[in-house]
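Undergrad: Quick one: this structure, given as structure tokens, is what I'll be asking you about.
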Amino acid sequence: MAVSQRLEMRQGQSLVMTPQLQQAIKLLQLSNIELAAYCEQELEKNPLLEREEGTPVEAERETPPEPEGPAQPLEAELAREDFSKCADMDASGDDLYDGGEAASPPLPSGPLADWTTVRSSQPFDGDEDLLESTVADGGTLKDHLLDQLTIAALDAERRLICVALIDAIDEAGYLRTDINELSQRLGADRTVVREVLGVLQGFDPVGVGAHDLAECLALQLKDKDRLDPAMQAMLAHLDLVARRDVAQLCHLCGVDANDIADMILEIRALSPKPGLSFSSEPVQPVVPDVIVREGPDGGWFVELNSDTLPRLLVNARYYAKVSSHARDKDSKNYLADCLNSANWLVKSLDQRARTILKVATEIVRQQDGFLTYGVRHLRPLNLRTIADAIGMHESTVSRVTSNKYVSTPRGLFELKYFFTAAINSVNGAEAHSAEAVRDRIREMIEREDAREILSDDRIVNLLTADGVNIARRTVAKYREAMRIPSSVERRRLRSSESPNAGIR
């Protein structure tokens, strides 16, 4: 077959993600804090962008001239509110602290709040004023330990080893390195490293420098002069403490049930993560993007939180003044690019606000029962329902609801909270929300009689009688997600807390 050259003309359609449209999609999924940081960067890069405050409003609201050349089709596309065209191009614990790992999520409030978890009622026994002043000044755990090292009676070699140990301590206060590995890296004797570690473990807060939870608690008990053989045996079997296996603990510790109860109370008063009192990351308050208020006629008013909306404007007078003095081609192109970028960003921010308001309004319309009566009236809802109602793509709705919060008379919620799976009803009635069913399970267990602990099968029967068609494994999954023990563990807990067992 001969090889030859030829010219062909083909016609086709394709979808292209331009940088401007990528920016518009990116802005949708940013939180208000991330959006503020992004706008700060754009203000630094683009001389034609300004904040609304501090400049004459009349001059800022003038329509800026468009650069010479054909109109940008992307701006027309954005004006049509068609963010969804690019939607198809991207896809949108243990019961006890274990070895210093991340703590389990907090239990729900109420009678279940103190089950299965050894938790702290106070950070540590020490100088509370020192702790408060350190946190108020924004000091970190590392800074706090280094300050104590300056007054420690250590020679130069041991001081260097102690600095290396402090660097290996995580934010919770646990030592995350092997002593042998550290000694080899520093070229120091392992015995000396262990001696320095013993000095470090005497620093404040008590319990810092431990390798695991048992050692951390042991250091705190030793400081209180309460580390006796019985307590050491209990620390070696913290899994039994989590299960409240009093009988086995009595056998291992060699004490009676009353002593076991007192020892558990002592452990509960300790801090499993003493270093968290010196966390270096400031807590970011959640600021709602949308505010929902009840109207006088029983309806709901949905509005954007103006405090979270960036107010950026294009300085048209500055552009006209500078462009009139531009002579070379590069300067004119730079000014045209800045003007295009500024115009697009302002329009994208306006479109982002409109889209968030549209999505939030439809969510409120769908979940008005929850706002009026509570979680039991939360309806099953998915992204497609909202997307079809407002004429957008599911991925657009997903981006809008990510990291966005709404303030309602019932509290502050993430927009994704209102999207819950559906659980079928008996006899084909209206489906139930999974969140509402979880709330029913939690309430049933909280109100159960100590003499009649509800098993998962019993809960299934009660829910079926209420018209909820649910499987036993689903009940078990919801119960475990809420950190609620099984019926066997709850029965053992009730038994251990009875007066006859000596717990109370």
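Undergrad: Hey, ASP439 hits all of (1) touching a strand residue (DSSP E or B) at 6+ places or on another chain (Cβ under 7 Å); (2) outside the structural domain of SER306 (by TED's automatic domain parsing) but one; which does it fall short on?
TA: (1)
Undergrad: Just to be sure, is GLY187 surrounded by 15 or more Cβ atoms within 10 Å (Cβ to Cβ) and at pLDDT below 90?
TA: The answer is no for GLY187.
Undergrad: For the stretch 196-209, name all the residues that are out of contact with any strand residue (DSSP E or B) (no Cβ under 6 Å at 6 or more places or on another chain) and not aromatic (Phe, Trp, Tyr).
TA: Selection gives VAL196, LEU197, GLY198, VAL199, LEU200, GLN201, GLY202, ASP204, PRO205, VAL206, GLY207, VAL208.
Undergrad: Go through the stretch 365-420 and tell me which helices (runs of 4 or more DSSP H), entirely inside it, have 1 or more residues that are more than 24 Å from LEU30 (Cβ to Cβ).
TA: Result: 368-373, 383-390.
Undergrad: Would you pick out the residues in the stretch 421-433 that are hydrophobic (A, V, I, L, M, F, W, C) and either under 17 Å from ARG365 (Cα atoms) or assigned to a helix (DSSP H, G or I) (or both)?
TA: Scanning the stretch 421-433 gives a single hit, VAL426.
Undergrad: Now, a different point. Would you tally the residues in the stretch 1-37 being under 30 Å from VAL359 (Cβ atoms), assigned to a loop (DSSP other than H, G, I, E, B) and polar (S, T, N, Q)?
TA: Count: 4.
Undergrad: When you check GLY202 against the structure, is it over 30 Å from ARG491 (Cβ atoms), within 37 Å of the chain's Cα centre (by Cα), surrounded by fewer than 17 Cβ atoms within 10 Å (Cβ to Cβ) and of a type in the set (Gly, Ala, Ser), yes or no?
TA: The answer is yes for GLY202.
Undergrad: A further question on this structure: Hey, can you tell me all the residues within the stretch 470-487 that are hydrophobic (A, V, I, L, M, F, W, C) and part of a helix (DSSP H, G or I)?
TA: Hits for the stretch 470-487 are VAL475, ALA476, ALA481.
Undergrad: Six or more apart or on different chains, Cβ under 6 Å: which pairs go from a residue in the stretch 277-290 that's under 22 Å from ALA172 (Cα atoms) and at pLDDT 70 or above to one that's in a loop (DSSP other than H, G, I, E, B) and not polar (S, T, N, Q)? Could you list them?
TA: SER277/PRO123
The values are calculated or read from the model by the stated rules, or taken from the named source; none is laboratory data. Nothing here was measured: the structure is a model prediction, and the numbers come from that model. Backbone-built Cβ (ideal geometry, glycine too); neighbour counts: all protein chains shown.
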